[in-house]
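Every number in this text was worked out from the coordinates using simple rules, so none of it is lab data. Please read these numbers as outputs of a predicted model, since none were measured by experiment. FYI the Cβ positions are ideal-geometry reconstructions off the backbone, even for glycines, and counts take in every protein chain you see.
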Amino acid sequence: MTDRANVITVKNISKTYHLGEIQVRALREVSLEIRQGDFLVVTGRNGSGKSTLLYQLGLLDRPEKGEIDFNGTEVIRLSDKHRRDLRLKKIGYIFQNYALIAELTALENVMLPAMMLISPLEAKKRAVDLMEKVGLSHRINHLTKRLSGGEQQKVAIARALVNDPQLIIADEPTANLDSIAAKDVMTIFQTLNQKDGHTIVMVTHEQEETVYANRTITLHDGAIV
Amino acid sequence: MIQETKIPFFLVWRFLKRGNKWTFLLIIFLMAIAFINLVFITSLFSGIVESANSQIIDTYTGHVSISPVEGEKFIPHATEEISRIDATPGVEAASAQVFLPASLTYKNRSGNWSVIAIDPAAEKEVTNVAAKMTAGSYLDPADTDQIIIGRQIAGGEGVEMNAFSFKGATVGERVTLSLNGQTKEFTIKGIFYTKFIDTDQRAFITRGALNELAPTYDDVATNIVIRITTKGEEQLVVDRLQKNGVTGTFYTWKDVAGLMATVTNSFVLINALLTSVGILIAAVTIFIVIYIDISSKRQQIGVLRAIGIKSYLIRSTYVIQTAVYSVFGVLLGLGILFGFLIPYFNAHPFQLPIGDATLAVSSVDLIFRTELIIWVAILSGLIPAFIITRVKMLDAIFNR
C-alpha cells in the first residue's frame, strides 16, 4: 500500500441502461480507489462498461447505486451546479472523438474553460503555454477541422489541462489515431503523469498502452475482474 | 463572475464569423421575408385607407365642410363667411360651393349629376381637381360659358360608368345645362380624372356663369369646403370656427365620408386580422428555423456543458446569436422595403377605384414589428437552448 491520498474513492456503484424493454447492467457494484499520481488504465472488451465507468468518474453521469467520493466530497447526490464546478476546476475530460468546438481555433478551444475563471488575456497566455507543451504552438490559430486527428486530440488534452485539474480522464484517446500519433499522445500522458504528477485514468483497447500505466484494471460485464 | 459573462460574446462572434455562411444567410433571409410580410400587408392596407382618405379630402370635401344651418337651403353672405373662415387659425384655405339641382344634356343623352358652381381660384386652394385634368384645362374665374366635367360624366371606352355617361364627350364639345327651367350652353373646357368615382361624377362651372344663369344664387353657398394646415386637428378648427362666429352645420371629412368610411373601416378590420395572421406565421416560421438551427447544435451544447460552461452562459450564447440573426434580418428587410418595394410601388401604385394606393409605412408599426421579430427570435433561441441544457449531458454530447 502507498500513503498517497485518494483522489477518488468509488464504492459499489451500479449503472443500468434501459433500452426499451431491455435492461443493460453496464456497471455492477464497482469499487475502486484512485490515488494522487496514479496512471490507471482501464481495459476490457466492448460493452464491458469502461466508458460508463469514466462517465461516472468524470461527473458526466450519475450511477443508480453506490458512492463516489471526490477529495472527501460525496459527488453523486451533489447538485448539478456543484458537479459542473468540479468538472470545470478539478477534472479534465478527454473524449475519444475529441469533442472540440468546430468554430473555434485550437487556441480558443483550449482557453474557453479557463475563461470561466480568469480573464481572456490570462486564459490565452495559459492556453499558449499548453499548446507549446503538447507540441502544437505552430497550429494555435488553426480551426480544429483543419487539424489531423492526432493534433485534435492534443488540443483536447491541452483543453483538459487548462484549469490545472487534479484528475485527467481520457476515454480511448488514441482509438482514432494512427500509431505514430497514438504514440505521441501516450508520450504526453506519460510526461503529464511522471513529470507533472497528474493523476490519469484512461480507457484503452490497446494492450501495449498499458505499459504507460502504473495500475491497470480490467472490466468484464460491468465488474472489475 | 464578470469574466465568464464575456464567454457568450466570445462564442457568438466566432459562431457567426466561422459558422456556415449559407445557414446564416438563409436564416437572415427568412427573417427578412417574415419581417417584410408583416410590414407589407399592413402598409398596403394603410396605403389603401390613406389613399381613400386623401381622395375624400383632396378631391371631395376638404378637411372640414360647412352646410347651411338646419332648415335653410343656403349659407348666406358667403363672401363674408369665407373671410371669417380664412382668418381662423389652422385654416389654410376655404371655398364656397353651390350645388345646383341641374341636369346636363349632351347630344341626345342627359342626366342629373352634381353640377357645382365655384370660384376656381379658391377651389384650387382646397381641392386638387385642377391638377387632375386629363384633357383640356381647368376653369378660369372669367369663364362664363365653360364647364369641366368628370371622367364618369364624359364616358368613353374603358370608363367604369360608361353606360350612364355621355359615352365619349370630348373637350370643345357643347353641353346644355338646365336649371329651374332655364337652359344655357356650355363648352367642355376640360375633363378631369381624380380616380375617386364620386368626384369624377361631378361637373364644375364658375360663379360668374351661375350668376348669368340664375342671379338669385349671388353670394350664397350650399357648402363651404375648408382645407386645414394640420390633418387631425379638424375638431379643433371646427371649435375655433364656431368661436369666430361662423354659422352652419359643421362636418369633418370623416363625417362626410359615408360609404368610403365603411369601406375604410372594413379595410382597417381586415388589416388587423391579416396582421394577426401575419404575426402568427412570422412567429411560427422564425421559431421553426431557429429551433432547427439550435437543435442541430445539440452536440456542441453538450460539449460546452461537459467542459464546465454554465448553462445560463450557453443559453445566452444562443439567445444573443438569434438576436443578431433577427437584427440582421430586420435590417435586410428594411433595406428591401425602403430600397426597393416602397420606391417601386410609389412609381407603380396599385390602381383602385378609390384612388392609387402606395405602401404607407408608419414608424410606430415598423418599431412594433421590429420588436416583435426580435422577441420571437430570442424566444425561439431560448426554448431549444433551454431544453438542450436540461437533457442528459451524455445524450446531448453523443446526439442521442
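Summarising the overall dimensions of segment B:192-296 from its C-alpha atoms, the Rg and Dmax are 24.8, 86 angstrom.
Taking one equal scatterer on every alpha-carbon of segment B:70-190, how large is log10 of I(q)/I(0) by Debye at q = 0.19 1/Å? Evaluating at q = 0.19 Å⁻¹ gives log10 I(q)/I(0) of -1.11.
Order of A:L40, B:L274 from fewest to most other C-beta atoms within 10 Å? Please list the in-between numbers first.
Values: A:L40 22, B:L274 16.
Least to most surrounded, the residues fall as B:L274, A:L40.
Mind giving me the FRET efficiency for B:S137 and B:V277? R0 is 45 Å, r the Cβ-Cβ distance, nearest 0.05 is fine.
Details: r = 48 Å, r/R0 = 1.07.
After rounding, the FRET efficiency stands at 0.40.
Within the listed set B:L331, B:L16, B:L30, the Gaussian network model of chain B (springs between alpha-carbon atoms below 10 Å) gives the highest mean-square fluctuation for B:L16.
A Förster distance of 60 Å, applied to the separation of the beta-carbon atoms of B:L269 and B:N399, puts the FRET efficiency at 0.80. The Rg/Rh ratio for the protein assembly as shown, using Cα coordinates for both the radius of gyration and the Kirkwood hydrodynamic radius, is 1.34. Cβ-Cβ distance of B:A87 and B:D255, R₀ of 25 Å, FRET efficiency by 1/(1 + (r/R0)^6): the value works out to about 0.55.
Post the alpha-carbon centroid distance, segment B:126-152 to segment B:53-116, in whole angstrom. Cα centres, segment B:126-152 to segment B:53-116: 15 Å.
Per-residue 3J(HN,Hα) values for segment B:390-400, derived from phi via the Karplus relation 6.51 cos²θ - 1.76 cosθ + 1.60 with θ = phi - 60°, read 9, 6, 4, 4, 5, 5, 5, 4, 9, 6, 8 Hz in sequence order (x marks Gly and Pro).
Sequence gap at least 6, Cα distance under 8 Å: using those rules, report the relative contact order of segment B:63-252 to the nearest whole percent. Kindly include the intermediate steps, with their values, before the conclusion.
Working: 437 pairs, mean separation 70.3, N = 190.
Normalised by residue count, the contact order of segment B:63-252 is 37 percent.
Note on segment B:251-371: the alpha carbon radius of gyration divided by the globular reference 2.2 N^0.38 Å gives 1.59. For segment A:78-85, backbone phi angles converted through the Karplus equation (6.51, -1.76, 1.60; θ = phi - 60°) give residue-by-residue couplings of 6, 5, 4, 4, 5, 5, 4, 4 Hz, Gly and Pro being listed as x.
Computed over segment B:120-212, the convex hull of the alpha-carbon atoms projects to a mean area of 5.9 nm². Note on chain A: with a GNM built from Cα contacts shorter than 10 Å, the maximum mean-square fluctuation among A:R126, A:R77, A:R62 falls on A:R77.
Determine the percent antiparallel among the DSSP beta bridges restricted to the protein assembly as shown, to the nearest 5. About 65 percent, rounded to the nearest 5. The slack in the chain from B:L26 to B:I367, taken as 0.36 nm per residue of separation less the alpha-carbon distance, amounts to 120.4 nm. Taking the Cα atoms of segment A:36-77, the ratio Rg/Rh between the radius of gyration and the Kirkwood radius comes to 0.99. Residues whose amide H falls under 5 Å from that of B:F192, counting only those 5 or more places apart or on a different chain, are B:T134, B:I149, B:G150, B:R151, with hydrogens built in the peptide plane. Less than 19 Å apart at the alpha-carbon level, and either on another chain or at least 8 residues along: which lysines does that give for A:K133? Correct list for A:K133: A:K124, A:K125, A:K154, A:K183, A:K195. The order of B:F338, B:F24, B:F15, B:F196, going from fewest to most other C-beta atoms within 10 Å of their C-beta, is B:F338, B:F24, B:F15, B:F196. Distance distribution note for chain B: the fraction of Cα pairs above 30 angstrom is 57%.
Arranged from fewest to most other beta-carbon atoms within 10 Å of their beta carbon, B:W113, B:W253, B:W13, B:W22 become B:W22, B:W13, B:W113, B:W253. Roughly speaking, what % of Cα-Cα pairs in chain A are separated by over 30 Å, rounded to a whole number? Of all Cα-Cα pairs in chain A, 22 percent lie more than 30 Å apart.
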